[in-house]
Amino acid sequence: MDPMDPDKLAHFKALIGFDLLPRSRAGGPYPAVAWPDPLQAPGVHGEGWTIAADTPWREAQGSAREWVLRRGPETLVVLAFVSCAGETGARDFLLARACNTMTLEVPYVAGPQDLGSLAVQSPNSGAPYLMWVSGNCCIELKAFATALDLQAIARWLQSHLEAAALPRGARAPDRVRMSALQARVGEVLQLRLEPGESAPPAGYLMELEYDRDEIEVVSQDGLAASLRGRRAGTARLTVHGVDLATLASSDQSVELNFAAPE
């Protein structure tokens with residue numbers, strides 16, 4: 001079954017009151033929040049848990065980061081998503097995650113009404129699951145083979161979001177430095193991403209989006225990359241930057257022109 005089947009989606013939205021729940025904010029800009037260390041969460045801190053995986057990635061409407069915590073056979077998964085499309089993007093992310101099952105119905109129900117602006121949870125106590133939207137953020141918690149209190153962890157994270165600084169102005173744009181915008185096919189160009197807010201390179205992620213028929217990325221090291229054209233003509237390269245601490249992101253497009261080799 002299609003995970004995003006229209007009837008399945010409509011039934012789930014009606015079940016949780018998706019279109020009736022008010023938004024948490026009238027609009028942006030949203031504060032950039034540094035996500036707390038999940039090892040400091042209630043029930044986790046000082047209890048022998050470790051981070052087994054820490055994976056950031058870019059989504060169509062923002063950026064996400066997933067921490068997997070383990071203690072023996074116990075597992076806790078914390079996923080944070082920050083939308084660059086405001087609360088609408090965060091709510092869309094919640095729907096996509098919740099509906100990503102092959103079951104006839106979405107296996108979740110409405111969550112705590114006082115958790116963010118929209119929350120869903122599993123009705124099965126044997127498979128703890130909680131996901132909610134707060135501003136332009138969506139947070140997902142999953143637990144396996146553990147008695148951890150997901151609601152306590154959720155409220156700890158929510159209080160952290162609510163204690164964030166007041167909304168600031170627009171995020172300073174990243175800058176893309178190219179050694180040249182024109183070159184012959186096969187000639188190597190150098191690219192470097194300079195974060196607009198002077199984030200340390202170790203705390204920043206760069207992803208490149210391009211047509212592989214037009215551009216070849218020879219190498220990438222952090223915020224620097226070497227690339228060359230594969231055929232003559234104009235090619236567009238999009239450089240995505242993500243601050244791993246806050247998951248704030250920016251997109252920069254560069255137009256490159258490649259001439260036929262001599």
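The values are calculated or read from the model by the stated rules, or taken from the named source; none is laboratory data. Note that the structure is predicted; figures quoted are calculated from it, not measured. Cβ placement follows ideal geometry from the backbone for every residue including glycine, while neighbour counts extend to all protein chains displayed. For the accessible areas, the whole protein counts, side chains as well, though only heavy atoms, and no ligand, DNA or RNA atoms are used. Shrake-Rupley method; radii C 1.70, N 1.55, O 1.52, S 1.80 Å.
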**Message:** From the list 136, 124, exactly one residue is of a type in the set (S, T, N, Q) and touching an Asp or Glu at 6+ places or on another chain (Cβ under 8 Å). Which is it?
**Reply:** 136
**Message:** So residue 262 ticks every box in (1) loosely packed, with under 15 Cβ neighbours inside 10 Å; (2) farther than 26 Å from residue 66 by Cα; (3) at pLDDT 95 or above but one. Which box is left unticked?
**Reply:** (3)
**Request:** Considering every residue within the stretch 118-131, establish whether at least one is touching a Ser or Thr at 6+ places or on another chain (Cβ under 8 Å), open to solvent by 30 Å² or more (accessible area, probe 1.4 Å) and either touching a residue at least 40 places away in the same chain (Cβ under 8 Å) or of a type in the set (Asp, Glu) (or both).
**Result:** no
**Request:** With respect to residue 33, determine if the residue is assigned to a loop (DSSP other than H, G, I, E, B), open to solvent by less than 30 Å² (accessible area, probe 1.4 Å) and modelled with pLDDT of 95 or more.
**Result:** no
**Request:** Please go through the stretch 184-232 and pick out each residue that is open to solvent by 30 Å² or more (accessible area, probe 1.4 Å), among the aliphatic types (A, V, I, L, M) and over 28 Å from residue 261 (Cα atoms).
**Result:** 202, 205
**Item:** the stretch 60-80: number of residues that are within 18 Å of residue 205 (Cβ to Cβ) and open to solvent by 60 Å² or more (accessible area, probe 1.4 Å)
**Value:** 2
**Request:** Please indicate, with yes or no, whether at least one residue in the stretch 145-166 is exposed (fewer than 13 other Cβ atoms within 10 Å of the Cβ), among the hydroxyl-bearing types (Ser, Thr, Tyr) and at pLDDT below 95.
**Result:** yes
**Item:** Leading residue by the ranking (farthest from residue 247 (Cα to Cα)) among those in the stretch 42-56 that are open to solvent by 60 Å² or more (accessible area, probe 1.4 Å) and of a type outside the set (Gly, Ala, Ser)
**Value:** 47
**Request:** Working only within the stretch 205-231, note down all residues that are within 15 Å of residue 189 (Cα to Cα), part of a loop (DSSP other than H, G, I, E, B) and not aromatic (Phe, Trp, Tyr).
**Result:** 214, 223, 230, 231
**Prompt:** Assuming residue 70 fulfils every condition listed in (1) modelled with pLDDT of 95 or more; (2) in contact with a helix residue (DSSP H, G or I) (Cβ under 8 Å, 6 or more places away or on another chain); (3) not aromatic (Phe, Trp, Tyr) apart from one, which condition is it?
**Reply:** (2)
**Message:** Cβ contacts < 8 Å: first residue acidic (Asp, Glu), restricted to the stretch 52-69; second residue open to solvent by 40 Å² or more (accessible area, probe 1.4 Å) and not in a strand (DSSP E or B), any location; separation 6+ or different chain. Result?
**Reply:** none
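Listed here are the residues, each with its yes/no results for (1) among the hydrophobic types (A, V, I, L, M, F, W, C); (2) touching a strand residue (DSSP E or B) at 6+ places or on another chain (Cβ under 6 Å); (3) in a loop (DSSP other than H, G, I, E, B).
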{"residue": "47", "(1), (2), (3)": "no, no, yes"}
{"residue": "58", "(1), (2), (3)": "no, yes, no"}
{"residue": "68", "(1), (2), (3)": "yes, yes, no"}
{"residue": "89", "(1), (2), (3)": "no, yes, no"}
{"residue": "105", "(1), (2), (3)": "no, no, yes"}
**Request:** Filter the stretch 188-204 down to residues that are assigned to a loop (DSSP other than H, G, I, E, B) and at pLDDT 80 or above and give me whichever is farthest from residue 242 (Cα to Cα).
**Result:** 188
